[in-house]
1. Select, from 294, 259, the only residue that is assigned to a strand (DSSP E or B), more than 22 Å from residue 355 (Cβ to Cβ) and of a type in the set (A, V, I, L, M).
2. Name every residue in region 297-337 that is surrounded by 15 or more Cβ atoms within 10 Å (Cβ to Cβ) and either outside any strand (DSSP E or B) or at pLDDT below 95 (or both), in order of residue number.
3. Take residue 703 and tell me if it is buried (at least 23 other Cβ atoms within 10 Å of the Cβ) and over 30 Å from residue 275 (Cβ atoms).
4. If I ask for residues that are part of a strand (DSSP E or B) and of a type outside the set (Val, Ile, Thr), which ones from region 658-679 would you list?
5. Could you tell me which residue of region 183-195 is surrounded by the most Cβ atoms within 10 Å (Cβ to Cβ), considering only residues that are out of contact with any Lys or Arg (no Cβ under 8 Å at 6 or more places or on another chain) and assigned to a loop (DSSP other than H, G, I, E, B)?
6. Keeping to region 347-372, report how many residues are under 19 Å from residue 523 (Cβ atoms) and either assigned by TED's automatic domain parsing to the domain that holds residue 494 or in a strand (DSSP E or B) (or both).
7. Among the helices (runs of 4 or more DSSP H) contained in region 562-657, which hold 1 or more residues that are more than 29 Å from residue 251 (Cα to Cα) and in the same structural domain as residue 688 (by TED's automatic domain parsing)?
8. Can you name the residue in region 628-671 that is under 21 Å from residue 689 (Cβ atoms) and of a type in the set (Ser, Thr, Tyr) and, of all such residues, is farthest from the chain's Cα centre (by Cα)?
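The values are calculated or read from the model by the stated rules, or taken from the named source; none is laboratory data. All figures in this text were calculated on a predicted structure; none of them were measured in a lab. Positions of Cβ are backbone-derived with ideal geometry, glycine not excepted, and every protein chain shown enters the neighbour counts.
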Amino acid sequence: MSFVNYKKKLKASSFIILAIFIAAAAFSSCTVTEIPNPPVAKIEAKVDTSFGDIRTDNYFWLRQRGDSVVIAYLEEENAYTKAMMKHTESMQEDLYEELLGRIKETDEEVPVKEGDYFYYSRTEEGQQYKIYCRKKGSLEAREEILLNVNKIAEGHEYCAVGVYKISPSHQLLAYSIDTSGSETYDLYVKDLSTGKLYDDVIPNTSWTAAWGNDNQNIFYTTDDAARRPYKLFRHRLGDSVENDLLVYTETDEKFFLYITKTKSKKYLLQYSESITTSEIHFLDADNPAGDFKIIHPRQQDMEYDVAHHGSDFYVTTNENAKNFKLMKTSVRSPGKSNWREVIAHRKAVKIENVEVFENHLVIYERENGLENIRILNLQTGDDHYIEFPEAVYGLRTQSNPEFESDQLRFMYYSMVTPKTIYDYNMNTKDRQLKKEYEVIGYDKSLYETKRIFAEAEDGTKIPISIVYRKDFRQDGTRPLYLYGYGSYGASMEPSFSSNRISYLDRGFAYAIAHIRGGSEMGRYWYDQGKLLNKKNSFTDFIACAEYLIKENYTISSKLVIRGGSAGGLLMGAVLNMRPDLFEVAVADVPFVDVINTMLDASIPLTVTEYEEWGNPNDSVFYTYMKSYSPYDNVGAKVYPHLLITAGLNDPRVQYWEPAKWTAKLRANNLGDNWLLLKTNMGAGHGGASGRYDYLKDVAFRMAFIFDRLEIN
């Protein structure tokens, strides 16, 4: 389960291929000499009689996080997985070196100009984490290291940066650190002129913060017991943290609270957002001790977002506009009754985001499953679209902090094109290549990508993005890796991954199923894959798999599927529905215990997600959710080879969901295919935080797949 409705965030590895005969030698030696007995989870039945429906949960005891018996069981599962994969250890090492060989280990991001400084991050060979830096005046100036995460991470198994905010004066840095994977951060303030930290460390903060323009006041959010950001505080440097002013408390459990700042640097914006509804307050950043004012009170099922320009706010909203429209209103009178239409709603085009510059509006749109960038000149009223060279591609906005600039920075990529950074002059339409990320040993000309369409049960055409080597034989004998997600309206872009080359060069095709529940084809695509339409996501994925087999891209005995978090729900559901269709499945931190989780409001994110899955306290939703919940629908079947991962500190999908699911699958599986659970005992939802540790996890997953398919 994962709340990904953070529009500005929206819950990520690119890395010389070794000669294939080396890999073949590794695979040829992969024989299991002794099969250990799998762990057997004890049965302690808990009976639930919701709506008169008797449900027995034999593994409810695994929820006792601190219990030594639970920890011992998870460690036993890890030991079993290690034993089963022991014969692949040399393969894992070779694959790790192969993946690492594609990465430019010492590298630098494209610097971003803000004020008199150029800000960037870089990596060094052998170092797990980024180093954040800047130069003053020019790129030839002396480098100043602002934050070396490698030093902060010393002594910690996990380390992640949450907030990273430079003050308006460029003399202070507010940053936050999580060393457990729980997504709870300690917030620090660093004086960049002396390198010293302020004494006022703020514990247990969420992932947002914003500076007032006085360089003295900083706003931050904290979580409730269910890990929901719900309180906004204002801290004045030098004051006791205990005396911080509580600015706002979000009392509705469906809403998340966060703070940000407009590109113009003029206003602070306080957002309260559920999955379907928004409410925004604003405050003059020059007066951080003032009171926030509301733009429009929350209105159920109405979302809106704002961007500041001069005396106006631009407002993107879906009120009577499923794919969103763009409005404009005065800062003095921002209420909805004063909103004036700038871009009307279009049924075939979804407005995904609007970025405001002094002289231009940048509208990020989506049509026919592809993203577009539309530039509107605010001085002349003229508009144009940026052209892109490939038929299937993806885009991502980059940091554009300077409001007065006529340059737009964006990232372009496809399934064959590594991520590429451009600066685009919005007046002259000139495009400047700033960086194409190097993939060592990669030859783009050897690969081909395209988009094809499967037909769902109800006749809907489901897009599939697919990539393979040009010498791929579409003869029904080749392996194929199919990925899916399909929740929260999150669009799965046709992105590039250097890790994927290891599959393609061994004869795989790689495909992404753009199933309903995402927003690839517009907002209605999302609505048709949520709540009482959720099963469309599962049947769409099955239809994509069947189509790929029918068109001779692969065969069931060589079909690998993978999904994580809500994509793990997808994996669980389709494995219950059609276990015969797939040979290998990988479910990363899977949300599979739908009914039990959604009935427990104390679990992080549960209440916020009623608008995604439904509230099972309503018998209509309970019955529907129970009909597909992977954990509840495990049966006596022959399941494919299955690798399941979990994170002990995961706040989004509690570790016990994959653990319970594994136990129940093992008790019901009629076949002898492998069923492995791998729990990271020191991380959370995203797995390992260090880039080298992450690659080791990729190599492990890859070795599991290759071994089970007997790929040489």
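1. 294 is the lone residue from the list that is assigned to a strand (DSSP E or B), more than 22 Å from residue 355 (Cβ to Cβ) and of a type in the set (A, V, I, L, M).
2. The answer is 298, 302, 303, 318, 319, 321, 322, 323, 324, 331, 334, 336.
3. yes
4. Quick first cut of region 658-679, residues part of a strand (DSSP E or B) only: 669, 675-679.
The answer is 669, 675, 676, 677, 678.
5. Pass one, region 183-195, residues out of contact with any Lys or Arg (no Cβ under 8 Å at 6 or more places or on another chain): 185-189, 191-195.
From what's left, assigned to a loop (DSSP other than H, G, I, E, B): 192-195.
On the way: 192: 17, 193: 9, 194: 8, 195: 10.
Filtering region 183-195 for residues that are out of contact with any Lys or Arg (no Cβ under 8 Å at 6 or more places or on another chain) and assigned to a loop (DSSP other than H, G, I, E, B), the one surrounded by the most Cβ atoms within 10 Å (Cβ to Cβ) comes out as 192.
6. Of the residues in region 347-372, 14 are under 19 Å from residue 523 (Cβ atoms) and either assigned by TED's automatic domain parsing to the domain that holds residue 494 or in a strand (DSSP E or B) (or both).
7. 566-577, 619-628
8. Restricting to residues being under 21 Å from residue 689 (Cβ atoms) and of a type in the set (Ser, Thr, Tyr), the top hit is 655.
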